[in-house]
Amino acid sequence: MSLFPNVPKIQYEGRGSKNPFAFKHYNPQEVVLGKTMEEHLRFAVAYWHTFVASGTDPFGVGTAVRSWDSLSPMDKAKARVEANFELMEKLNIPFYCFHDVDVAPEGATLAESFKNLDTIVALLKDNMKSTGKKLLWNTANLFTNPRYVHGAGTTNNADVFAYSAATIKKGLEVGKELGAANYVFWGGREGYESLLNTDMKLELDNLGRLLHMAVDYAKEIGFDAQFLIEPKPKEPTKHQYDFDAATTLAFLQNYGLKEHFKLNIEANHATLAGHTFEHELHVARINGVLGSIDANQGDVLLGWDTDEFPTDLYTTTLAMYEILKNGGLGRGGVNFDAKVRRSSFDDEDLFFAHIAGMDSYARGLKAAAKLVEERVLDEIVERRYRSFQEGIGADIVSGKATLASLEAYALQNNPIRNESGRLEQIRATVNEIIFSV
Ligand code: XLS
Ligand code: CA
Ligand code: CA
């Protein structure tokens, strides 16, 4: 039985198609820089936004109209599994991602929650087998339930720490059972509100301990997923410990975890941190930890995590540029951690939203490929830094220069000349490339 009877299979029709149920740019088998679009992009559906979110906001209840709305919690969970695989099939999306509580309702006890999860995981496994769809990543939700009011791995309450550890242990077992390519840690409640009642050092040490336990356990059970940690600067906590890529990297290095983790970089989290998405991707890339992305966008006029579907071509182009420069995302992918607007409450909107996001990334990929192929930015950057290729600059880079040798050089080098950065001209060039593909 179809849960989305009004939606046909979405095909690539190309630029100029007026069919809203068609891709205009995402052509999975089209080869770009030696790989198909499907291989480059590794799209994933975010279970929580697409099948669980109902459109609530601080001023109103849900608006989404779904066929499973009136079912009991377990039946609802089962219907959502069907919906997930039908949507993936119709949109030709190969991967999905979920938190434990997205797929199965929490029980009255931890044991009951695990039992519910086992039932649904078996169903997910059957569906994955029959459809060939894969799990990009799973994760444990350690932030929604009131028990996490003071944090999970960074709580003041050791009982909550133990509960969190048990939940992560189960998450790793589920990931293994479903062959997840990655496992994500996003510390929603891992932060603090005020230093007046916080032992920051103990909290961070405990978080380091928890992540080491997870690394050890994954090894013990032979779960070889790539571990990912996802930075976010605020919401829900005022001071989030994993503020941005650079902060998270320092944490991983301090606690001897860098070799076990990469980063899952989300666009909206980047902008909340006061960075561009490409900045965060770049920081991760040059440090060798760019693992996966949560593809969405914020709203410049709103200061919160709106998780909109990505449609800004400038951002998708520069994001894909970083990904191409990274040599791809490896086991990672492009996960649509994005939700339809509250006013887009029909089932069809779920499809239109994914089509918009997939086309925007496909178009970004094509533009980025052109930037790479024609070495547009490489040439600009190489030219701009050419003073480090010879003379005194080469001495600095090679380590030959000392303060004394630089003083001797500077004393006789008058006047110093700088060159224009030509930023407006460069932006116009990038615009031309985005228009042209
Ligand atoms: C919330 C986060 C979350 C993570 C997974 O803002 O984006 O959804 O991706 O827990
Ligand atoms: Ca995310
Ligand atoms: Ca978000």
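Data for the structure
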read-out: Helix axis angle, 313-325 relative to the chain longest principal axis, alpha carbon, degrees; value: 80
read-out: Pairwise FRET efficiency - GLU106 versus SER17, Cβ, R0 = 45 Å, nearest 0.05; value: 0.55
read-out: Cα gyration tensor shape of the chain, rounded if a/c is under 1.5, else prolate or oblate by comparing a/b with b/c; value: oblate
read-out: Magnitude of the charge dipole, the chain, Cβ model with Lys/Arg +1 and Asp/Glu -1, debye to 20; value: 620
read-out: All lysines inside 21 Å of LYS234 as judged from Cα atoms, apart from same-chain residues fewer than 8 positions distant; value: LYS201, LYS262, LYS339
read-out: Distance (nanometres) between label positions extended 7 Å along Cα→Cβ at LYS129 and LEU411; value: 8.0
read-out: Sparsely packed GluC sites (Glu not before Pro) within region 77-165, loop by DSSP, other Cβ within 10 Å at most 14; value: none
read-out: Local net charge near VAL437, Cβ-Cβ under 15 Å (Lys/Arg +1, Asp/Glu -1); value: 0
read-out: 14 Å beta-carbon shell around PRO58, net charge (K/R +1, D/E -1); value: -2
read-out: Per-residue ³J(HN,Hα) for region 406-415, Karplus 6.51 cos²θ - 1.76 cosθ + 1.60, θ = phi - 60°, Hz, x for Gly and Pro; value: 6, 5, 4, 5, 5, 5, 9, 9, 10, x
read-out: Net charge over other residues, Cβ less than 15 angstrom from the Cβ of LYS219 (K, R count +1; D, E count -1); value: -3
read-out: Shape of region 157-301, Cα gyration tensor, a/c cut at 1.5; value: oblate
read-out: Whole-number percent relative contact order across the chain, with pairs defined as alpha carbons under 8 Å at least 6 apart; value: 16
read-out: Given the chain, longest segment not containing exposed loop trypsin sites (Lys or Arg not before Pro) (DSSP; at most 11 other Cβ within 10 Å); value: 19-237
read-out: Label-point gap, in nm, between ASN156 and LYS238 - each point 7 angstrom along Cα→Cβ; value: 1.4
read-out: Region 214-264, dipole about Cα centre (Lys/Arg Cβ +1, Asp/Glu Cβ -1), debye to the nearest 20; value: 200
read-out: Karplus-derived 3J(HN,Hα), 6.51/-1.76/1.60, for each residue of region 166-174, Hz, glycine and proline x; value: 5, 5, 5, 4, 5, x, 5, 5, 5
read-out: Extreme residue, positive dipole direction of the chain, given options THR247, ALA162, LEU202 (C-beta unit charges); value: THR247
read-out: Protein accessible area in region 266-375, 1.4 Å probe - carbon and sulfur %; value: 53
read-out: Between region 307-357 and region 11-48, the Cα center-to-center distance that results, in Å; value: 12
read-out: Antiparallel bridges, percent of DSSP beta bridges restricted to the chain (to nearest 5); value: 20
read-out: Low-density loop cleavage sites - GluC sites (Glu not before Pro) in region 173-203, where at most 15 other Cβ are within 10 Å (DSSP); value: GLU193
read-out: Integer Hz, Karplus 6.51/-1.76/1.60 couplings in order for region 194-201, x for Gly and Pro; value: 8, 6, 4, 10, 10, 9, 4, 5
read-out: Per residue value of the accessible surface for the chain (all protein chains in place, 1.4 Å probe), Å²; value: 48
read-out: Tilt relative to the chain, helix 110-131 - C-alpha long axis, 0 to 90 degrees, to 10; value: 80
read-out: Between helix 277-286 and the chain: long-axis angle, C-alpha atoms, 0 to 90°, nearest 10; value: 70
read-out: Farthest positive-ward along region 281-393 dipole, Cα basis, beta-carbon charges - from HIS282, LEU350, THR315; value: HIS282
read-out: Shape of region 330-437, Cα gyration tensor, a/c cut at 1.5; value: prolate
read-out: For the chain, the longest site-free run once chymotrypsin sites (Phe, Trp or Tyr not before Pro) in DSSP loop states with at most 12 other Cβ atoms within 10 Å are removed; value: 60-303
read-out: FRET efficiency, ASP205 to ASN287 (Cβ-Cβ, R0 25 Å, nearest 0.05); value: 0.65
read-out: Separation between Cα centres of region 62-97 and region 126-152, rounded to whole Å; value: 15
read-out: For PHE185, distant residues with modelled amide H under 5 Å away; value: LEU228, ILE229, GLU230
read-out: Label-point separation in nm, ALA428 to TYR314, each point 7 Å along Cα→Cβ; value: 1.6
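The values are calculated or read from the model by the stated rules, or taken from the named source; none is laboratory data. Everything quoted here is computed from the prediction, not taken from an experiment. With ideal geometry, Cβ positions are generated from the backbone for all residues, glycine too; neighbour counts draw on all protein chains shown. Note: accessible area is taken over every heavy atom of the protein model, side chains too, but ligands, DNA and RNA are not part of it. Shrake-Rupley method; radii C 1.70, N 1.55, O 1.52, S 1.80 Å.
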